[in-house]
Amino acid sequence: MADDGSEFETIAEYDEAHELTEDEITGAEPAAPPAAESVMVTTSLRLPKPVMDEVRRRARERGLKPTALLREWVEAATADPDEPVPLSVIIAAAGSYQQRERTARMGLHFERARQWAAVDDAERLHHAEKAAR
C-alpha cells in the first residue's frame, strides 16, 4: 500500500471544515443554561453594627448564616411588588428592636445589682431618707 498522503489531506480538509465543540469531543450532552431563578448576584450592603449583630443573633437562632437570613427577608419583601413594606412598619420594627435592647440591658444591670446586694442597699437608703423627712 503506497502512502501518497492523500488520506491525510482528506482528514485535514475535513478538520478545517468541521469544528467540534468540547461536548462533541468528550461525548457529553450539552449543559442546559441555568434557570434565571438560580443565578445569584453578589451585592454589598452597609448596616450599622447593632443591626448586623441582631441579624447574626436571629440567624444563629434559626441555624442560618446571616446572609441567608438577609436574602430570605429581601425575597419576602420583593415577592409582591404591589405590596411594598410601609415605612411605618420599618420604623416600628426598629423601635421595637431598640426597646428590646434597652429592656435587656436594664434587666442585666438589675440582675448584676442583685448579685452585689446593691438593690437591697438602695431600698434601705430610700426608706431611711423617706423616714427622715
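A short reminder: the numbers here are calculations on the coordinates, not readings from a lab. Everything numeric in this text was worked out from a predicted model, so none of it was measured. Ideal geometry is used to build each Cβ from the backbone, glycine not excepted, and the neighbour counts take in all protein chains shown.
Report the calculated FRET efficiency for ARG112 and ARG58 (r = Cβ-Cβ distance, R0 = 30 Å), to the nearest 0.05. Before the final figure, lay out each step's value.
Values: r = 25 Å, r/R0 = 0.85.
Using R0 = 30 Å, I get an efficiency of 0.75.
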- Query: Quick one: Karplus J couplings for the range 60-69, per residue in order, coefficients 6.51, -1.76, 1.60, θ = phi - 60°, nearest Hz, x for Gly and Pro?
  - Reply: 4, 4, 9, x, 10, 7, x, 5, 5, 5
